[in-house]
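All remarks here apply to the structure that follows.
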Amino acid sequence: MVAPRAAARSNGRFYAILAVVAVIGVGTIAYFADHRPGLATTTAITPAPPGSLGPGKGHQLGNANAPVTVLEFADFECPACGVFAVVTEPDVRTRLINTGQVNYQFFDFPLPVHKNTWFASEAAACAEDQGKFWEMHDLLFNGQNDWNGEATSDPSSVFKGYAKDLHLDVDKFEDCYRSQAHMRDIQANQAEGDRRHVNQTPTFVIGTREVPGAVGFDQFRALVDSAAKAAGKPLATGGAAGAAPAAATPAPSAPGSR
């Protein structure tokens, strides 16, 4: 009678283990049926062959015919870029861009030291498809500490949250993001920076002058004034230089405790 009881106990353990494995398997299938993988952990960045990229286009803000054009080459994960975006850029928008004095263009310039910056650029470009690049730009810089490479290896859930906050079509945003729909555009923007010998972020091209570093508003305004005079289009003090003001664009909010 001992041997049958031992066999029964052995069979019981076997079926118990089998049941646990089955439950785990069903749970895993259910999870992945409802959770699409994030781009950052499943897809590598594939560099474009040299010479295959078109010209960098950047992301434009303000009056395209403004007296002065400013290019910013920046990395969404760069702390100095974040400081400029939340401290200086609100004044730049309010006093120079929205008054029609500056045509502002943002160019992605991802640095290899930053793990998640390519994906942030992709998220911003996908938001631009739905007319919300600058709103996503502001959320990315204000929330750097929530999605940067030190915070997470997969920032996709944070970016999806931003898309919801901006009332984007989230399915379209996710499809764009996962497919790397704008990766070549980002690479083209980076290549434009390389062509101009940009070697740090942020770097600004104000008129014909290249200015590295996160400059303050007073210096930024002085550089814009100088560029306008050099172009024979001096700016009116405290107002636009004859150009129609661009539609007001919300400035990023203060980063609070971040």
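The values are calculated or read from the model by the stated rules, or taken from the named source; none is laboratory data. Everything numeric in this text was worked out from a predicted model, so none of it was measured. As a convention, Cβ positions derive from the backbone with ideal geometry for all residues, glycine included, and neighbour counts pool all protein chains shown.
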Of the residues VAL198, VAL205, VAL215, VAL224, which single one is under 15 Å from GLN105 (Cβ atoms), assigned by TED's automatic domain parsing to the domain that holds ALA123, assigned to a loop (DSSP other than H, G, I, E, B) and in contact (Cβ under 8 Å) with a residue 40 or more places away in the chain? VAL198
With the structure loaded, tell me whether PRO155 is farther than 17 Å from ALA85 by Cα and assigned by TED's automatic domain parsing to the domain that holds GLU77 or whether it fails that test. yes
Kindly establish whether ASP165 is of a type in the set (Asp, Glu), more than 28 Å from GLY54 (Cα to Cα) and in contact (Cβ under 8 Å) with a residue 24 or more places away in the chain. yes
Could you say which residue among ALA74, ALA151, ALA85 is out of contact with any Pro (no Cβ under 8 Å at 6 or more places or on another chain), aliphatic (A, V, I, L, M) and either surrounded by 24 or more Cβ atoms within 10 Å (Cβ to Cβ) or more than 25 Å from ALA231 (Cβ to Cβ) (or both)? ALA151
Restricting attention to segment 82-119, and to residues there that are among the aliphatic types (A, V, I, L, M) and assigned to a loop (DSSP other than H, G, I, E, B), which single residue is nearest to ASN199 (Cα to Cα)? LEU111
Does ALA125 satisfy being crowded, with 23+ Cβ neighbours inside 10 Å and in contact (Cβ under 8 Å) with a residue 40 or more places away in the chain? no
I'd like the full set of residues that are surrounded by fewer than 21 Cβ atoms within 10 Å (Cβ to Cβ) and in contact with a Gly (Cβ under 9 Å, 6 or more places away or on another chain), limited to segment 128-142. ASN142
Checking LEU53 against (1) crowded, with 21+ Cβ neighbours inside 10 Å; (2) modelled with pLDDT of 65 or more; (3) outside the structural domain of CYS126 (by TED's automatic domain parsing), which single condition isn't satisfied? (1)
With the requirement that a residue be more than 14 Å from MET136 (Cβ to Cβ) and among the aliphatic types (A, V, I, L, M), what does segment 150-185 give you? ALA151, ALA181, MET183
When you go through (1) more than 15 Å from VAL92 (Cα to Cα); (2) among the basic types (Lys, Arg); (3) modelled with pLDDT of 95 or more one by one for ARG184, which number turns out not to apply? (3)
Out of curiosity, is PHE159 among the aromatic types (Phe, Trp, Tyr), under 11 Å from the mean Cα position of the chain (by Cα) and over 18 Å from PHE73 (Cβ atoms)? yes
